[in-house]
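The values are calculated or read from the model by the stated rules, or taken from the named source; none is laboratory data. Computed from a prediction, not measured in an experiment: that's the story for all the values here. Cβ coordinates were reconstructed from backbone atoms using ideal geometry, including for glycine residues, and neighbour counts include every protein chain displayed.
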Amino acid sequence: PGRVRVAVRLRPRNAEESVADADFADCVELQPEFKRLKLRKNNWDTDTYEFDEVLTEFASQKRVYEVVAKPVVESVLDGYNGTVMAYGQTGTGKTYTLGRLGEEDTADRGIIVRAMEDILADVSLESDSVSVSYLQLYMESLQDLLDPTNDNISIVEDPKSGDVSLPGATLVEIRDQQSFLELLQLGEAHRYAANTRLNTESSRSHALLMVHVKRSVKGREFAHSSQNGNSTNMAKSLRPTLVRKGKLVVVDLAGSERIDKSGSEGHTLEEAKSINLSLSALGKCINALAENSAHVPVRDSKLTRLLRDSFGGTARTSLVITIGPSPRHRGETTSTIMFGQRAMKVENMLKLKEEFDYKSLARKLDIQLDKLIMEHERKQKAFEEEIERITTDTQNQISEAERNYVDAMEKERLKYQKDYMESIKKLEEKWMMNQHKLGERKDQTASTAEEVAELKKLLSKETSLRKAAEEEVNNLKSQLAQLKMSEASANSESLKLRKMLEDEAYRKEKLEGEISMLQTQLLQLSFEADETRRRLDRGGPGKVPGDLDSLISQVRPQVNGSVNEEKASIANLFEQVGLQKILSLLEAEDADVRIHAVKVVANLAAEESNQQKIVEAGGLTSLLLLLGSSEDETIHRVAAGAIANLAMNG
């Protein structure tokens, strides 16, 4: 977004004010270093206002252009829309600020002349263009200052983008500064002005200068090399040029005035009313935009329609308000200052005006097409001439070849005729010789017939063998097809077996996990059984002195209960794991596993119901081997007890 920038410019006292206000101080005091303005309400009270720029009566025209208009001109050259507008009471220097030509002194040149100088200095007239329209809004009628007969130009608004265009206005292309100055002089000559009490040359219309700048964007076109020849140039010419279209609008508003002070009457009075109405409509739009109102009355006046893009649109806008120092016009000065203050609150959304120049591309393509047509016609003519020349040369060569061919054919005919006669003679001689030999070979014919009969027999035999071989081949093909079917079935069966093997491996892995868990449980149970046995040993028969009898009588049922539980868990283990698995643990490499395994076997051997089973399963032999191979005292003790129990059963 780009806020509207506002500068205030103070006009020095003129001759009339120097006399009339000689005893009075100026109604305004400027502080340019702080960008502030103080407005005296009376001798002791002032109001302070801040602006983007504060220009004293000593500010030069160059300084005014640089701070007010130059940033806008630079934006226009970059492809944005821009507006520079002067607003103020009649006679405060608006036209001097904007439209001074500087014919007598170049230092007096106004914003319009300086802006065009910068534009022409920056553009390239070979690829860019600058065109100008100069209009005035007089009594709500839009007139062409470059063509006075065109006094009712219509305003066209794009319903989508909201852009305003004036299709009926004269558009003049500018090539140099001098032609632009002559154009300004022509337009100023047609502008309405009148002599009032406040200004001897008071503008009675709003003047609008529209400068259209169309630039080709540098660095965007594709470079080509001379090595690629015409094909590269053709490819480049088919790419539309990227152009930026900026528009600079310089608005010299007619001065606001009070009828009682300006002394306007008759037609001048009607002009003043129209000026004040259009300025009032502009003020209402500025107020609505400053307050972010939902409705902005832009259609109340043609002036607000023309400035739709300048306030609240897409243009970069710079406003210069001009005021005078006279305390007699304090009311008008206050109104101008407040207009500028409200305008500073307006935000515009800047938009780059960039597009492809398809019209220029079409013109280039038309020129290229004409060149190609001419080139084609030239080549076609040269081609036809070359064809005619080649045809003539070919006909001559054919005639010459025909003559040479006839001569050659005659020579060949004579040669072949001679050779033919010689060949006939030789063939006759050979025939005579063959007739002589024929008599000699008749005797050999009989034997030859016998050989032929033998060969026929052999051929018949070979034919039979070939048929048998073909049948064998067909049988082999049939067997091959059956083998392929069997192979497919075997593959299917193989997949089923592989699936069964995978399931078996999974079950094996699951069983190994269960066995590992059971081994752990077995070890735990053996450990608990050992602990229980030691507790029983400590709680055996004997006399217990003192008060321990009652304690033993309380503990013994608990011990018996735990023993019964231990026996039940070992019986369950015996049933779940199996005797062979428990006996195999007696040969385990881990000494702890062997200890716990021999304890479980000993516990099982203590039951008479299990002793026969243990002996039949080879448990007695395993215990004897363990007793002989182990040096562990616990294993010796437990294994000996288990062997004793089994021996008594035997």
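Residue pairs whose Cβ atoms lie under 9 Å apart, sitting 6 or more positions apart in sequence or on different chains, and linking a residue in segment 603-616 that is touching a residue at least 40 places away in the same chain (Cβ under 8 Å) to a partner that is of a type in the set (Asp, Glu), are ASN603/GLU566. Can you find a residue in segment 604-626 that is modelled with pLDDT under 70, surrounded by 11 or more Cβ atoms within 10 Å (Cβ to Cβ), part of a helix (DSSP H, G or I) and of a type outside the set (Val, Ile, Thr)? There is no residue in segment 604-626 that is modelled with pLDDT under 70, surrounded by 11 or more Cβ atoms within 10 Å (Cβ to Cβ), part of a helix (DSSP H, G or I) and of a type outside the set (Val, Ile, Thr).
Quick one: in segment 72-86, which of the residues that are assigned to a helix (DSSP H, G or I) and within 32 Å of the chain's Cα centre (by Cα) is farthest from GLY340 (Cα to Cα)?
Looking at residues that are assigned to a helix (DSSP H, G or I) and within 32 Å of the chain's Cα centre (by Cα), I get LEU77.
Residues in segment 300-319 that are hydrophobic (A, V, I, L, M, F, W, C) and under 12 Å from GLY2 (Cβ atoms) were compared, and the one that is nearest to the chain's Cα centre (by Cα) is ALA315. In segment 307-350, which residues are surrounded by fewer than 16 Cβ atoms within 10 Å (Cβ to Cβ), more than 30 Å from ALA15 (Cα to Cα) and among the charged types (D, E, K, R)? Result: LYS345, GLU347.
Give the residue, chosen from SER179, SER141, SER75, SER154, that is of a type in the set (S, T, N, Q) and within 20 Å of VAL243 (Cβ to Cβ).
Values: SER179 fails: within 20 Å of VAL243 (Cβ to Cβ); SER141 fails: within 20 Å of VAL243 (Cβ to Cβ); SER154 fails: within 20 Å of VAL243 (Cβ to Cβ).
After ruling out the rest, the residue left standing is SER75.
Could you tell me which of the residues SER553, SER516, SER460 is modelled with pLDDT of 70 or more and out of contact with any Pro (no Cβ under 6 Å at 6 or more places or on another chain)? Don't jump to the end; show me each part of the working.
Details: SER553 fails: modelled with pLDDT of 70 or more; SER516 fails: modelled with pLDDT of 70 or more.
Step by step, each of SER553, SER516, SER460 is checked, and only SER460 is modelled with pLDDT of 70 or more and out of contact with any Pro (no Cβ under 6 Å at 6 or more places or on another chain).
Within segment 325-353, residues that are under 30 Å from VAL217 (Cα atoms) sit with their Cβ atoms under 8 Å from residues that are β-branched (Val, Ile, Thr) and crowded, with 22+ Cβ neighbours inside 10 Å, at 6+ positions apart or across chains, in these pairs: GLU347/VAL4; ASN348/VAL4; ASN348/THR317. With respect to GLU117, determine if the residue is modelled with pLDDT under 90, under 49 Å from the mean Cα position of the chain (by Cα), of a type in the set (D, E, K, R) and in the same structural domain as GLU270 (by TED's automatic domain parsing). Spelling it out, it is not the case that GLU117 is modelled with pLDDT under 90, under 49 Å from the mean Cα position of the chain (by Cα), of a type in the set (D, E, K, R) and in the same structural domain as GLU270 (by TED's automatic domain parsing). So, VAL6, is that one outside any loop (DSSP other than H, G, I, E, B), at pLDDT 90 or above and touching a Pro at 6+ places or on another chain (Cβ under 9 Å) or not? It is false that VAL6 is outside any loop (DSSP other than H, G, I, E, B), at pLDDT 90 or above and touching a Pro at 6+ places or on another chain (Cβ under 9 Å).
Condition first: farther than 30 Å from GLU103 by Cα and free of Cβ contacts under 8 Å to residues at least 60 places away in the same chain. Now tell me which residues in segment 142-179 satisfy that. Full working, then the answer.
Taking segment 142-179 and keeping what is farther than 30 Å from GLU103 by Cα, we get 152-168.
Listed by number, the residues that qualify are ASN152, ILE153, SER154, VAL156, ASP158, PRO159, LYS160, SER161, SER165, LEU166, PRO167, GLY168.
In the set (1) within 15 Å of ILE323 (Cα to Cα); (2) surrounded by 15 or more Cβ atoms within 10 Å (Cβ to Cβ), THR56 fails one condition alone, (2).
Restrict the check to segment 130-141 and report whether at least one residue is among the charged types (D, E, K, R) and more than 40 Å from the chain's Cα centre (by Cα).
Narrowing segment 130-141 to residues among the charged types (D, E, K, R): 140.
Within this subset, residues satisfying the condition of being more than 40 Å from the chain's Cα centre (by Cα) are 140.
Yes: one or more hits.
Restricting attention to segment 50-66, which residues are under 16 Å from GLN31 (Cβ atoms) and in contact with a strand residue (DSSP E or B) (Cβ under 7 Å, 6 or more places away or on another chain)? Across segment 50-66, the qualifying residues are GLU50, PHE51, ASP52, GLU53, VAL54, LEU55, THR56, GLU57, ALA59.
Looking at segment 627-647, which of the residues that are more than 25 Å from LEU536 (Cα to Cα) and loosely packed, with under 13 Cβ neighbours inside 10 Å is farthest from the chain's Cα centre (by Cα)?
Our first condition is that a residue be more than 25 Å from LEU536 (Cα to Cα); within segment 627-647, this holds for 628-631.
When the remaining residues are screened for being loosely packed, with under 13 Cβ neighbours inside 10 Å, the result is 628-629, 631.
Numbers: GLY628: 86, SER629: 83, GLU631: 83 Å.
It comes out as GLY628.
In segment 301-313, the residues that are under 11 Å from ASP163 (Cα atoms) form Cβ pairs under 7 Å with partners that are modelled with pLDDT of 90 or more and part of a loop (DSSP other than H, G, I, E, B), at six or more places apart or across chains, as follows: ARG305/ILE155; LEU306/ILE155; ASP309/ASN81; ASP309/ALA315.
Pairing each residue of segment 36-59 that is closer than 21 Å to ARG13 by Cα and assigned by TED's automatic domain parsing to the domain that holds SER326 with any residue that is assigned to a strand (DSSP E or B) and basic (Lys, Arg), provided the two are 6+ apart or on different chains, yields C-beta distances under 8 Å for THR46/LYS38; THR46/ARG40; GLU53/ARG5; VAL54/ARG36; LEU55/ARG9; ALA59/ARG9. Residue check: LYS160 meets all listed conditions (1) of a type in the set (D, E, K, R); (2) touching a Ser or Thr at 6+ places or on another chain (Cβ under 9 Å); (3) closer than 23 Å to ASP300 by Cβ but one, namely (2). For segment 104-115, does any single residue satisfy the condition of being more than 28 Å from ASP300 (Cβ to Cβ), of a type in the set (A, V, I, L, M, F, W, C) and free of Cβ contacts under 8 Å to residues at least 12 places away in the same chain? No, there is no match, as no residue in segment 104-115 is more than 28 Å from ASP300 (Cβ to Cβ), of a type in the set (A, V, I, L, M, F, W, C) and free of Cβ contacts under 8 Å to residues at least 12 places away in the same chain. Of a type in the set (Val, Ile, Thr) and surrounded by fewer than 23 Cβ atoms within 10 Å (Cβ to Cβ): does that describe THR106? When the stated conditions are applied, THR106 passes them. Would you please name the residue that is surrounded by the most Cβ atoms within 10 Å (Cβ to Cβ), looking only at residues in segment 120-134 that are β-branched (Val, Ile, Thr) and within 14 Å of SER216 (Cα to Cα)? Residue satisfying both the conditions and the ranking: VAL130.
So which helices (runs of 4 or more DSSP H) stay within segment 236-306 end to end and still have 2 or more residues that are modelled with pLDDT of 90 or more, assigned by TED's automatic domain parsing to the domain that holds SER141 and crowded, with 19+ Cβ neighbours inside 10 Å? If you could, list the steps in order and put the result at the bottom.
Details: elements: 259-262, 267-290, 302-306.
Output list reads 267-290, 302-306.
In segment 351-360, what residues are crowded, with 16+ Cβ neighbours inside 10 Å and not acidic (Asp, Glu)? Selection gives LYS353 alone.
Which of the residues spanning segment 1-19 are over 30 Å from THR314 (Cβ atoms) and surrounded by fewer than 13 Cβ atoms within 10 Å (Cβ to Cβ)?
Keep residues of segment 1-19 that are over 30 Å from THR314 (Cβ atoms), which gives 10-19.
ALA15, GLU16, SER18, VAL19 - these are the residues of segment 1-19 that are over 30 Å from THR314 (Cβ atoms) and surrounded by fewer than 13 Cβ atoms within 10 Å (Cβ to Cβ).
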